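Student: Please see the structure below; I have some questions.
No lab work stands behind these numbers, since they all come straight from the coordinates. Note that the coordinates shown come from a computational prediction; the quantities given were computed from them, not determined experimentally. Here the Cβ positions follow ideal geometry from the backbone for every residue, glycine too, while neighbour counts run over all protein chains shown.
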Amino acid sequence: MLVLGVDMGGSATRWVACRATDGSVVARGQTTGATGLLFSDAARAAFHDALAPIPASLPAPLTAACLGVTGAGIDRDPAVVAAVGAALGLPGDRVTVMNDVVLAWHTAFPGGQGHLVAAGTGSVGISIDATGAITLVGGRGSLIDDGGSGAWIALTALDALFRRIDETGHPDGAEGLAHHLWQAVGGAGWDPVRRHVYGLDRGAIGTLAPAVAAAAHQGDAIALGVMTQAGRELARLARVLVARCGPAPVAVVGGVLALHPAIRAAMETAVPAIPLHFPVIDAAAHAAAMARTATGAPA
């Protein structure tokens, strides 16, 4: 029998399967992104489609699963648990679901005590104290916040680009950014952008962040400014966590950090008195270990 760990983000869902007996990894993979905000038929379908292919990729049946899911609440959500069970073929009492940033915190601080800033498709800061009390900052989705995230980078760059186009009718001085964004959305101008931004979801918007980064690497001033501003936004989360929860190690994780070195540099410059650590974590593997522990298997 196998246990499954899943780290579901808006852009991708990563999973790891281990033997329940000894915890050895037998398979890992990646599927499409999805969200625990199951408020529409489309969201429920995307959630199911991200998880349903996993059992067929495994050499043995599943006995339990632990998932970190973007958009999932801090409290146990029966609707999300039921959707996981239906997709994976597991009863609800064999499914553990938590917000993906809670999973990331447990992965970064398996011994407890610390602050975490996570920046992927979305962004959020979290601290969990010795009693288990959770403090969250940011992380309210791209319509409200998610400063410094992949979706925020894409939307901020698009806003700046179209303001430039408004002024002259052309992307004067931002031709590099325009080129990469037009390529990413499959065409030049407003109509392809409109379809991509308003016709898809936050995960699809976040996939435009690498295009902004590519322009920044080529010296586009607007794109580079967005990268720097993203770092400052993420530094704000670290600063607020320390101010509210007290001094503690601050770990920073997430795919946004790999987009451009200006992001990390801007973070470190913005909070010189706060030591920042940038660990490489495997949240899906840690989730699998948590699922195994939940079955009563020895550590």
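Student: What does the extension gain come out to for Gln113 and Ala188, with contour length at 0.36 nm per residue minus their alpha carbon separation? Please report the intermediate quantities before stating the final value.
Tutor: On the way: separation 75, 0.36 × 75 = 27.00 nm, distance 4.81 nm.
Taking 0.36 nm per residue and subtracting the Cα distance, the gain is 22.2 nm.
Student: Just to check I understand the Karplus step: with θ = phi - 60° and J = 6.51 cos²θ - 1.76 cosθ + 1.60, what whole-Hz values come out for segment 233-250, glycine and proline as x?
Tutor: Result, rounded to whole Hz: 5, 5, 4, 4, 4, 4, 4, 5, 4, 5, 5, 8, 10, x, x, 5, x, 10.
Student: If the chain between Ala82 and Asp41 were fully stretched, how many nm would it gain, using 0.36 nm times the residue separation less the Cα-Cα distance?
Tutor: Working: separation 41, 0.36 × 41 = 14.76 nm, distance 1.49 nm.
That works out to 13.3 nm of additional length.
Student: Once you put a point 7 Å from the Cα of Thr168 and another 7 Å from the Cα of Leu200, both along the Cβ direction, what distance in nm separates them?
Tutor: According to this spin-label approximation, the distance is 2.9 nm.
Student: Out of residues 5 or more away from Leu58 or on other chains, whose amide H comes under 5 Å of its own, with H placed 1.01 Å from N in the peptide plane?
Tutor: For Leu58, whose amide H was placed from the backbone, there are no distant partners under 5 Å.
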